[in-house]
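Undergrad: Okay, handing you the structure first.
The values are calculated or read from the model by the stated rules, or taken from the named source; none is laboratory data. Note that the structure is predicted; figures quoted are calculated from it, not measured. Using ideal geometry, Cβ is built from the backbone for each residue, glycine included, and neighbour counts are taken over all protein chains shown. SASA here: full protein model, heavy atoms, side chains in, ligands and nucleic acids out. Shrake-Rupley method; radii C 1.70, N 1.55, O 1.52, S 1.80 Å.
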Amino acid sequence: LGSTNDAAGKPDGDVALRARLAVDLYRRACAAGRAALVLPSGGVAPGFSFNPTERPHWECVAAALEDAGLPAAALLRPGLPALHTVEKALLCRTLASHYSSRAGCGELQLLVLTSCFHAPRTRHLFGLCFGPHTALPLRCDVASVPTCWDASHRS
């Protein structure tokens, strides 16, 4: 769910689009009787212009998710402090490995939300981390939404 935020920590419109989809998917999972958690992502580092604050971007995303109607209890905290998609996939793998080893956890499935532009790369990278060839093969789907730029430039 990462993207950018301004110096005040306000996420951009892309985060809002993804947050609305995340809340919708969360509600659908709950209505179907499935347990679901939402894991916000995004770190902080000098020189990374996507987050000019000293606060991890995932905290800004978590606030946007709650503003969009996600219950605080549905947020998996802390979020992933990843700075890019490769790091997100690797950190998510570590976290999924932890959860898959817990008794009574049940079958894990991952759903990664991203932009339409990043969806092919996200599928590839998460496929490398969770595909059937790995020691932790999990169902991993990617859902995408257009970016605000995409939506504003449709003919």
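Undergrad: Look at the range 122-137 and say how many of its residues are among the polar types (S, T, N, Q) and in a helix (DSSP H, G or I).
TA: Taking the range 122-137 first, the residues among the polar types (S, T, N, Q) are 122, 134.
After this cut, where a residue has to be in a helix (DSSP H, G or I) as well, the list is 122.
The qualifying residues number 1.
Undergrad: Restricting the search to the range 90-118, which residues are closer than 16 Å to Thr134 by Cα and either assigned to a strand (DSSP E or B) or basic (Lys, Arg) (or both)?
TA: Arg93, Gln109, Leu110
Undergrad: Moving on. Give Leu113, Leu128, Leu75, Leu95 a once-over and let me know the one that is open to solvent by 30 Å² or more (accessible area, probe 1.4 Å) and within 28 Å of Lys10 (Cβ to Cβ).
TA: Leu95
Undergrad: Please specify each residue of the range 45-70 satisfying the condition of being open to solvent by 60 Å² or more (accessible area, probe 1.4 Å), modelled with pLDDT of 90 or more and part of a loop (DSSP other than H, G, I, E, B). Break it down into steps so the answer makes sense when it comes.
TA: Filtering the range 45-70 for residues open to solvent by 60 Å² or more (accessible area, probe 1.4 Å) gives 46-49, 52, 54-55, 59, 66-67.
Among the residues that remain, those that are also modelled with pLDDT of 90 or more are: 52, 54-55, 59, 66-67.
Correct list: Pro52, Glu54, Arg55.
Undergrad: Look at Ala7 and say whether it is more than 19 Å from Thr122 (Cβ to Cβ) and either open to solvent by 50 Å² or more (accessible area, probe 1.4 Å) or in a loop (DSSP other than H, G, I, E, B) (or both). So that I can check it myself, show each step before the final result.
TA: Numbers: more than 19 Å from Thr122 (Cβ to Cβ): yes; either open to solvent by 50 Å² or more (accessible area, probe 1.4 Å) or in a loop (DSSP other than H, G, I, E, B) (or both): yes.
Yes: the conditions hold for Ala7.
Undergrad: If a residue has to be more than 18 Å from Ser101 (Cα to Cα) and in contact (Cβ under 8 Å) with a residue 40 or more places away in the chain to count, how many in the range 131-145 make the cut? Give the steps one after another, and end with the answer.
TA: Pass one, the range 131-145, residues more than 18 Å from Ser101 (Cα to Cα): 133, 141-145.
Narrowing the set further to residues that are in contact (Cβ under 8 Å) with a residue 40 or more places away in the chain leaves 143, 145.
So the answer is 2.
Undergrad: Next question. Among the residues of the range 11-27 satisfying the criterion of being touching a residue at least 12 places away in the same chain (Cβ under 8 Å) and acidic (Asp, Glu), which is surrounded by the fewest Cβ atoms within 10 Å (Cβ to Cβ)? Write out each step before concluding.
TA: Start the filter on the range 11-27 by keeping residues that are touching a residue at least 12 places away in the same chain (Cβ under 8 Å), which leaves 11-23, 25-26.
Then keep just the ones that are acidic (Asp, Glu); that gives 12, 14.
On the way: Asp12: 16, Asp14: 21.
Among them, the one singled out is Asp12.
Undergrad: Taking only the range 24-42 into account, find how many residues are basic (Lys, Arg) and assigned to a loop (DSSP other than H, G, I, E, B).
TA: Our first condition is that a residue be basic (Lys, Arg); within the range 24-42, this holds for 27-28, 34.
Checking the rest, the ones that are also assigned to a loop (DSSP other than H, G, I, E, B) come to 34.
Qualifying residue count, the range 24-42: 1.
Undergrad: So, one more: Evaluate the following for Ala62: is it free of Cβ contacts under 8 Å to residues at least 40 places away in the same chain and either of a type in the set (Asp, Glu) or within 24 Å of Asp12 (Cα to Cα) (or both)?
TA: Numbers: free of Cβ contacts under 8 Å to residues at least 40 places away in the same chain: yes; either of a type in the set (Asp, Glu) or within 24 Å of Asp12 (Cα to Cα) (or both): yes.
In short, yes.
Undergrad: Could I ask something else about it? Please work out which one of (1) open to solvent by 40 Å² or more (accessible area, probe 1.4 Å); (2) more than 15 Å from Cys140 (Cβ to Cβ); (3) not in a helix (DSSP H, G or I) is the condition Glu87 fails and give its number.
TA: (3)
Undergrad: With the structure loaded, tell me whether Pro71 is within 30 Å of Ala135 (Cβ to Cβ) and either under 12 Å from the mean Cα position of the chain (by Cα) or of a type outside the set (Val, Ile, Thr) (or both) or whether it fails that test.
TA: Details: within 30 Å of Ala135 (Cβ to Cβ): no; either under 12 Å from the mean Cα position of the chain (by Cα) or of a type outside the set (Val, Ile, Thr) (or both): yes.
When the stated conditions are applied, Pro71 does not pass them.
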